[in-house]
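The values are calculated or read from the model by the stated rules, or taken from the named source; none is laboratory data. Note that this is a predicted model, so its numbers are computed, not measured. All Cβ positions, even for glycine, are placed from backbone atoms using ideal geometry, and neighbour counts span all protein chains on display.
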């Protein structure tokens, strides 16, 4: 059985890995010269097994409207994008009820815990080096109300496997001494001891190499033109290098999944949301944060990845443009400098890598995994800000479904795209 996986980000590469282990003859096609070179390259680096709440949450539509046109807004909707995402926006708003928000968060938690276990198993089996860190993640709050709200959300998920500890400002500084200068601004935090960090680019490239060693045909530098179907099933994939017959095709193209499947009449509710990261060498900054910190009020994440530091944030809805806006990058740096004042003395922006990638966001804030109305044509996309977190588990679930096995966890909602039949 020939199975083609389209897209070699961490999601697509993990899918190829589990399919080849299940006995499929796998072809992995990627337009870049290597794996994990687009959205998987410069994400926040945190494996959020405990930070699974979707952006579609109560009150969010009103906030987005209030932030319209504001360059420093946490989530900036460009006016020019509105006509292209009207249907998506309605579906997003429909998922912002308390009931749907809780259900979608729980769905993400099931998959995130499954994914963390799968990532750890792959790491043990392959020995991939990806600057893994296992000290947990600290999320800090400056408002007592925000902290209380966050704890209520965590308490709802705790019976289903979420592990967390509510910590005082003093305990925040004990966990991460770099917070000492702004300790007086903190209301407290939530510490997620099980969460990890790692370089998804290094992991994706290492996993692609492991796939190749097991016989996966990795075709890099090859652009996908279209998918061929007939009589209700998938037939082939056509690229700039020719036509490839296929029994099964898995579309794992992130934000580009929607335009690819639109060519054959499948509407996939995934829209790109641009994120920005700034990566720089730690250098002589000996007191730099070692524990990953997410700042709830300033909306950024600060992570040590090996000998590099990465600060990330921003959510900008502006279509498929991947050019990082320097105003957005500077806003992230300014926010991070408030929390870590030494940053401004240790970051030379001219030597840093300012990067932007497109998060593939679904209205529910959960990935879309399953078979489309064409037999043999599958989708594994829409992971939003949780792509690195959910990648290995999503690949495993997709492979299980394709081979007729029970994945062992509840499936994410279909969002009108995939069949629920296993």
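Data table
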quantity: Segment 169-212, residues that are more than 21 Å from residue 139 (Cβ to Cβ) and touching a helix residue (DSSP H, G or I) at 6+ places or on another chain (Cβ under 9 Å); calculated: 201, 203, 204, 205, 206, 207, 208, 209, 210, 211
quantity: Scope segment 380-404; condition outside any helix (DSSP H, G or I), more than 16 Å from the chain's Cα centre (by Cα) and in contact (Cβ under 8 Å) with a residue 40 or more places away in the chain; matching residues; calculated: 403
quantity: Some residue of segment 20-40 being part of a helix (DSSP H, G or I) and either within 21 Å of the chain's Cα centre (by Cα) or closer than 25 Å to residue 112 by Cβ (or both); calculated: yes
quantity: Segment 171-181: number of residues that are in contact (Cβ under 8 Å) with a residue 24 or more places away in the chain and either surrounded by fewer than 16 Cβ atoms within 10 Å (Cβ to Cβ) or not in a helix (DSSP H, G or I) (or both); calculated: 3
quantity: Total residues in segment 147-170, condition closer than 25 Å to residue 290 by Cα and either surrounded by 15 or more Cβ atoms within 10 Å (Cβ to Cβ) or under 21 Å from the mean Cα position of the chain (by Cα) (or both); calculated: 10
quantity: In segment 194-214, the residues that are crowded, with 21+ Cβ neighbours inside 10 Å and more than 18 Å from the chain's Cα centre (by Cα); calculated: 206, 208, 211
quantity: Meets criteria (touching a residue at least 12 places away in the same chain (Cβ under 8 Å) and either buried (at least 19 other Cβ atoms within 10 Å of the Cβ) or more than 30 Å from residue 178 (Cβ to Cβ) (or both)) for residue 116; calculated: yes
quantity: Inter-residue pairs, beta-carbon under 6 Å, first on the phi < 0 side of the Ramachandran plot and buried (at least 18 other Cβ atoms within 10 Å of the Cβ) and in segment 124-137, second at pLDDT 95 or above and in a helix (DSSP H, G or I), 6+ apart; calculated: 128/203; 128/206; 130/202; 130/203
quantity: Members of segment 336-375 found to be at pLDDT below 95 and surrounded by 16 or more Cβ atoms within 10 Å (Cβ to Cβ), listed by number; calculated: none
quantity: Enumeration of residues in segment 182-193 that are crowded, with 18+ Cβ neighbours inside 10 Å and farther than 15 Å from residue 150 by Cβ; calculated: 182
quantity: Selection count where residues are farther than 19 Å from residue 414 by Cβ and out of contact with any helix residue (DSSP H, G or I) (no Cβ under 7 Å at 6 or more places or on another chain), scope segment 99-128; calculated: 9
quantity: Restricting segment 1-44 to residues that are closer than 20 Å to residue 226 by Cβ and surrounded by fewer than 19 Cβ atoms within 10 Å (Cβ to Cβ), the residue that is modelled with the lowest pLDDT; calculated: 2
quantity: Segment 240-262 - residue that is touching a helix residue (DSSP H, G or I) at 6+ places or on another chain (Cβ under 8 Å) and part of a strand (DSSP E or B) and, of those, surrounded by the fewest Cβ atoms within 10 Å (Cβ to Cβ); calculated: 248
quantity: Subset of segment 95-106 (residues that are assigned to a helix (DSSP H, G or I) and surrounded by 13 or more Cβ atoms within 10 Å (Cβ to Cβ)); calculated: 100, 101, 102, 103, 104, 105, 106
quantity: Among (1) closer than 23 Å to residue 47 by Cβ; (2) free of Cβ contacts under 8 Å to residues at least 40 places away in the same chain; (3) part of a helix (DSSP H, G or I); (4) in contact with a helix residue (DSSP H, G or I) (Cβ under 8 Å, 6 or more places away or on another chain), the one test that residue 166 misses; calculated: (3)
quantity: Residues that are surrounded by fewer than 24 Cβ atoms within 10 Å (Cβ to Cβ) and at pLDDT 95 or above, drawn from segment 306-317; calculated: 306, 307, 308
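Each row is one residue, and each column tells you yes or no for (1) in a strand (DSSP E or B); (2) modelled with pLDDT of 95 or more; (3) out of contact with any strand residue (DSSP E or B) (no Cβ under 6 Å at 6 or more places or on another chain); (4) farther than 21 Å from residue 392 by Cα.
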site	(1), (2), (3), (4)
183	no, yes, yes, yes
189	yes, yes, no, yes
201	no, yes, yes, no
205	no, yes, yes, no
215	no, yes, yes, no
234	yes, yes, no, yes
